[in-house]
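Here's the structure we're looking at; comments come further down.
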Amino acid sequence: MKSKMRIQSLIAFSLLLGVIVILSSFKVGVQEVVREHYENKKGLIQNYGGKKSKQKREYLSESIGQYMYYLVLIKDEKTFSSQVDSLKEHYIVTEGDRLFIKWRVTKSTVVNASIDDFRIIESLKKASKEFDEPSYLVLANRLEETIISTQLTDGLVVDFYDWKLKKKTSEIHLSYLNDTIIKGNKALDSELYQKIVADSLDTNSPYFKEVYDVEKKTYETANKETVNLIDQFLIAMNYIKMTNKIPREFDQWLRDEWASEQKLAGGYNKQTLSPSVEYESSAVYSMAILYFITANEPEYAKQVHEILIEQPPFSSEANYEEIHFFDYMWAKTSDWEYKKMN
């Protein structure tokens, strides 16, 4: 009798262990995925996962910035610290008393990208408070001072600077703006930023103009015929944060498109307002969730989240060789923000 009970207990334990293993395979931590699939031996994050990916390998400030931002959100002090070490070792370049961040890790890179710099600076400042680490704030301030001294034009920070040629661009992509940095730095003209973003809505369509030239003081479009929906979402969120208003034309188009199709494409035609590409992407759905959260439209955020969690980054059989780190991290970041909202 005791032997039979022992056998039954062993069977039950084995079944329980199997269930735990199966469940764990469905919920692998972000840090583990990054470590196993995206980091190389030096700890650099590559743009596509896997060791045999056919995609071109690149190590971008975009990637480390996204990861640092996420690590602060989830309060992972240890992994954040290791990323700061990687930032210092591989990305930061010292020129005199200035610290620049390479937009891509190569020996020939002499240009930064303000969108990534701002995200890294914001993450360092938040981490300094969250983890009670003053050195992060010191580093953030030095990086920000470099940007202000090299890229500031009439109270506006342009997209990039070449520290070998000592030349800066005259363009600002409105999707590159960082509301937290703009409001927190007195050298930046927050009222001018607000006006530029507010006036960027295209009068002939529900979409935003993507580029502002600080020298010509004119708007330009990234493409005459189509828009990239990721860029549109980023600008729309900046619009809400800076004006405290909803971009009515864009918001109405978005809700109409969602009601009609129950999906979103990666790009749209400016004239027909219909998809210009066939593909969907987890990054687009991630941005849609963040937009609806920013716009205080939780029901739409819920509907889009249901689609997002069916995307490749959430699959237990995800092929990381085909998933760009940008898509992966935005998916995980928006998922965290959505769950925090609820």
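The values are calculated or read from the model by the stated rules, or taken from the named source; none is laboratory data. Note that the coordinates shown come from a computational prediction; the quantities given were computed from them, not determined experimentally. Positions of Cβ are backbone-derived with ideal geometry, glycine not excepted, and every protein chain shown enters the neighbour counts. Please note that ligands, DNA and RNA were not included when accessible areas were found on the heavy atoms of the full protein model with its side chains. Shrake-Rupley method; radii C 1.70, N 1.55, O 1.52, S 1.80 Å.
Give me the pairs, please: first residue somewhere in segment 203-214 and among the β-branched types (Val, Ile, Thr), second residue anywhere and open to solvent by 10 Å² or more (accessible area, probe 1.4 Å), beta-carbon distance under 6 Å, and either six or more positions apart or on two chains.
211/171; 211/173; 211/220; 214/153; 214/170
Considering only residues that are buried (at least 19 other Cβ atoms within 10 Å of the Cβ), part of a helix (DSSP H, G or I) and in contact with a strand residue (DSSP E or B) (Cβ under 8 Å, 6 or more places away or on another chain), which ones fall in segment 140-175?
Across segment 140-175, the qualifying residues are 143, 146, 147, 150, 151, 174.
Filtering segment 303-313 down to residues that are in a helix (DSSP H, G or I), open to solvent by 30 Å² or more (accessible area, probe 1.4 Å) and in contact (Cβ under 8 Å) with a residue 24 or more places away in the chain, which residue is nearest to residue 254 (Cα to Cα)?
Per the criteria, the residue is 303.
This table checks each residue for (1) modelled with pLDDT under 60; (2) assigned to a helix (DSSP H, G or I).
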position	(1), (2)
7	yes, yes
13	yes, yes
24	yes, yes
28	yes, no
36	no, yes
42	no, no
50	no, no
56	no, no
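Looking at 285, 279, 268, 300, can you tell me which residue is without any contact (Cβ under 8 Å) to a residue 60 or more places away in the chain, open to solvent by less than 10 Å² (accessible area, probe 1.4 Å) and of a type outside the set (S, T, N, Q)?
Values: 279 fails: open to solvent by less than 10 Å² (accessible area, probe 1.4 Å); 268 fails: without any contact (Cβ under 8 Å) to a residue 60 or more places away in the chain; 300 fails: open to solvent by less than 10 Å² (accessible area, probe 1.4 Å).
Every option except 285 fails the conditions.
Which of the residues belonging to segment 184-211 are of a type in the set (Ser, Thr, Tyr), assigned to a helix (DSSP H, G or I) and surrounded by fewer than 19 Cβ atoms within 10 Å (Cβ to Cβ)?
190
Would you mention how many residues in segment 251-278 are assigned to a loop (DSSP other than H, G, I, E, B) and either in contact with a His (Cβ under 6 Å, 6 or more places away or on another chain) or of a type in the set (Gly, Ala, Ser) (or both)?
4
Determine whether segment 243-250 contains at least one residue that is part of a helix (DSSP H, G or I), over 24 Å from residue 301 (Cα atoms), at pLDDT 95 or above and open to solvent by 30 Å² or more (accessible area, probe 1.4 Å).
Of the residues in segment 243-250, the ones part of a helix (DSSP H, G or I) are 243, 248-250.
Next, only the ones that are over 24 Å from residue 301 (Cα atoms) stay: none.
The answer is no; no qualifying residue exists.
Can you name the residue in segment 104-139 that is of a type in the set (S, T, N, Q) and not in a helix (DSSP H, G or I) and, of all such residues, is surrounded by the most Cβ atoms within 10 Å (Cβ to Cβ)? Steps first, please.
From segment 104-139, those of a type in the set (S, T, N, Q) are 106, 108-109, 112, 114, 123, 128, 135; that's our starting set.
Pick out the ones that are also not in a helix (DSSP H, G or I) and you get 106, 108-109, 112.
Details: 106: 10, 108: 8, 109: 16, 112: 26.
Per the stated criteria, the residue is 112.
With respect to residue 223, determine if the residue is closer than 20 Å to residue 277 by Cα, surrounded by fewer than 18 Cβ atoms within 10 Å (Cβ to Cβ) and under 24 Å from the mean Cα position of the chain (by Cα).
yes
Which of the residues spanning segment 71-91 are open to solvent by 20 Å² or more (accessible area, probe 1.4 Å) and not basic (Lys, Arg)?
73, 74, 76, 77, 79, 81, 82, 85, 89, 90
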